[in-house]
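Engineer: This is the structure I have questions about; it appears just below.
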Amino acid sequence: MSAVAVDNVVQNPPEQQTSEGPPLQYRVAEKCSQTKARVGVMSLRHSVVPTPVFMPVGTQGTLKGVLPEQLMSLDCQIMLSNTYHLGMRPGTEVLEKAGGLHRFMGWRRALLTDSGGFQMVSLLQLAEITEQGVRFESPYDGSESMLTPERSMEIQNAIGADIMMQLDDVVKTTTTGPRVEEAMHRTIRWLDRSIEAHRRNDEQSIFPIVQGGLNPDLRRVCADELTKRNTRGFAVGGLSGGESKDEFWRTVHLCTDLLPEDKPRYLMGVGFAEDLVVCVALGIDMFDCVFPTRTARFGCALTRAGQINLKQRAYAQDQRPIDEECDCSTCRSYTRAYLHHIVTVEPVACSIVSVHNVAFQLRLMHDMREAISADRFPEFVQKYVAVRFPNDTVPEWIREALAAVNVTV
């Protein structure tokens, strides 16, 4: 099935694909003959999602600066929200009364929720980690609460996300020694508690998270244990936290070798365009990151040649759109000169640039799906790298990562 055909299924999904059978059905439609890249179709209760896919992040149940209608017009089929933050505010009572987060935020397509485990790292000064769970001090009102695997499932069941992440024990990627192994084994134990606590298995799916830091042996042990559980997909966690790019790609490469081919593989927290291209080649199907909207708030727009800072005076009289090949509403309507005039000054600029940045990410994924389906993905990668890193400036880690899957750049 071609990428066009896959996307037509997504845009015109047969009713039975999302309303009958397991709440997540995944099939590989096409494979690259040279790399580990593949095109898949992931059927969920609220949407049919083509993979590889980038998921924009709406932590609090809203994508900063972008309306749900705008996301839908960009053909976004799935977005991400955060269990920890939504559990704190507005809380499960409000979410249950609203009928779940889909109705609460006016989003009719698929949702994935992060479990709150990452907050162990980002809010560590407010947290105490034990076998029971994580004791947090609320950043909103200073109150104390406990997030356990069971409580994470309870919140995610109330949210109603199509895909839920288990609560995992997250450590900084630069951590070494016994703490990494402790966190890996605890993540496995917490998965079993999460599965036991899950109350809506006919509507929602749990993804386990492969942990183990940068230690290949621990990653192997973790993946071996997690794949013994009957789950519908898997995530690779604990990366994009300060490790070297060489360690990053080698860990991704290892994990995709260890995970089942017939289930989706989700690399958490990764969103730089070059990382997406490399990791699709390494066999990843799903990505998320706050980067596109966060960098927009600083006046930066994404292009195939890298991001441009619209605050720079060089754009003050530039009458071109951000990207002359982009057909998003921003590029159809506004010039770089106009955006230079308003970025970081007028609140609406955040929305205008965010729409483009999200459109850029989604279009990049679409183009990769097309290339994989036509079995010309290596050529796509080579052309992408040549534009992104001209004059032989390709980082060595990218050369090595792509060489590992038979692509020379």
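The values are calculated or read from the model by the stated rules, or taken from the named source; none is laboratory data. Computed from a prediction, not measured in an experiment: that's the story for all the values here. Cβ coordinates were reconstructed from backbone atoms using ideal geometry, including for glycine residues, and neighbour counts include every protein chain displayed. To get the accessible areas, we keep the full protein, side chains included, count just its heavy atoms, and leave off ligands, DNA and RNA. Shrake-Rupley method; radii C 1.70, N 1.55, O 1.52, S 1.80 Å.
Engineer: Among Tyr315, Gly99, Val134, which residue has its Cα furthest toward the positive end of the charge dipole of the chain, with +1 on Lys/Arg Cβ and -1 on Asp/Glu Cβ?
Structural biologist: Towards the positive end, the residue furthest out is Tyr315.
Engineer: In addition: Using the heavy atoms of the protein chains alone and a 1.4 angstrom probe, what is the accessible area of the chain per residue in square angstrom?
Structural biologist: Accessible area per residue, the chain: 41 Å².
Engineer: What is the distance in Å between the Cα centres of the range 347-368 and the range 273-314?
Structural biologist: Distance between centres, Cα-based: 9 Å.
Engineer: Then there is this: Quickly work out the Met146-to-Glu131 label distance, labels modelled 7 Å from Cα along the C-beta direction, and quote it in nm with one decimal.
Structural biologist: 1.4 nm
Engineer: Quick one: how many Å² of Leu214 are accessible to a 1.4 Å probe, rounded to 10?
Structural biologist: Its accessible surface works out to 50 Å², give or take rounding.
Engineer: Give the long-range amide H neighbours of Glu30: residues separated by 5 or more places, or on another chain, with amide H under 5 Å away, using H modelled in the peptide plane at 1.01 Å from N.
Structural biologist: Long-range HN contacts for Glu30: Val39.
Engineer: Which of Pro395, Pro378, Pro68 moves the most in a Gaussian network model of the chain with Cα springs under 10 Å?
Structural biologist: Pro395
Engineer: Follow-up. Using unit Cβ charges (K, R positive; D, E negative) and no other charged atoms, how large, in debye to the nearest 20, is the dipole of the range 254-400 about its Cα centre?
Structural biologist: It comes to approximately 660 debye.
Engineer: Keeping every protein chain in place, order Glu203, Glu128 by accessible area at 1.4 Å, biggest value first, i.e. largest first.
Structural biologist: My answer, sorted largest first, is Glu128, Glu203.
Engineer: Further question: Want the number for Glu346 to Glu400: 0.36 nm per residue separation, take away the alpha-carbon distance, what's left?
Structural biologist: So the chain would gain 15.2 nm between Glu346 and Glu400.
Engineer: Using the crude model of +1 on Lys and Arg Cβ and -1 on Asp and Glu Cβ, and no other charge, please compute the dipole size for the range 59-189 relative to its Cα centre, in debye to 20.
Structural biologist: 300 debye
Engineer: Can I ask one more? Provide the FRET efficiency to the nearest 0.05 for the Arg199-Glu69 pair, computing r from the beta carbons and using R0 = 56 Å.
Structural biologist: 0.95
Engineer: Spin-label point model (7 Å from Cα, Cβ direction): what's the Asp375 to Val290 distance in nm?
Structural biologist: Placing both labels 7 Å beyond Cα along the Cβ direction yields 4.3 nm.
Engineer: Using θ = phi - 60° and the Karplus form 6.51 cos²θ - 1.76 cosθ + 1.60, what ³J(HN,Hα) does each residue of the range 374-387 get, whole Hz, x for Gly and Pro?
Structural biologist: 7, 6, 10, 5, x, 5, 4, 4, 4, 5, 4, 4, 5, 6
Engineer: Same structure, new question: For Met55, enumerate residues with amide H under 5 Å from its amide H, sequence gap 5+ or separate chain, H modeled in the peptide plane.
Structural biologist: Excluding prolines and chain starts, which carry no amide H, the hits are Phe287, Asp288, Cys289.
Engineer: Also, I was wondering about something else. What does the helix-only formula give at 222 nm for the chain: each DSSP H stretch with n ≥ 4 adding -39500 (n - 2.57), the total divided by the residues, and the result rounded to the nearest 500 deg cm²/dmol?
Structural biologist: -12000 deg cm²/dmol
Engineer: Mind checking the full-extension length gain between Asp192 and Ala314? Use 0.36 nm per residue of separation minus the Cα-Cα distance, one decimal, nm.
Structural biologist: 38.4 nm
Engineer: Under the 0.36 nm per residue contour assumption, what length would be gained going from the current alpha-carbon distance of Glu182 and Ser333 to full extension?
Structural biologist: 49.1 nm
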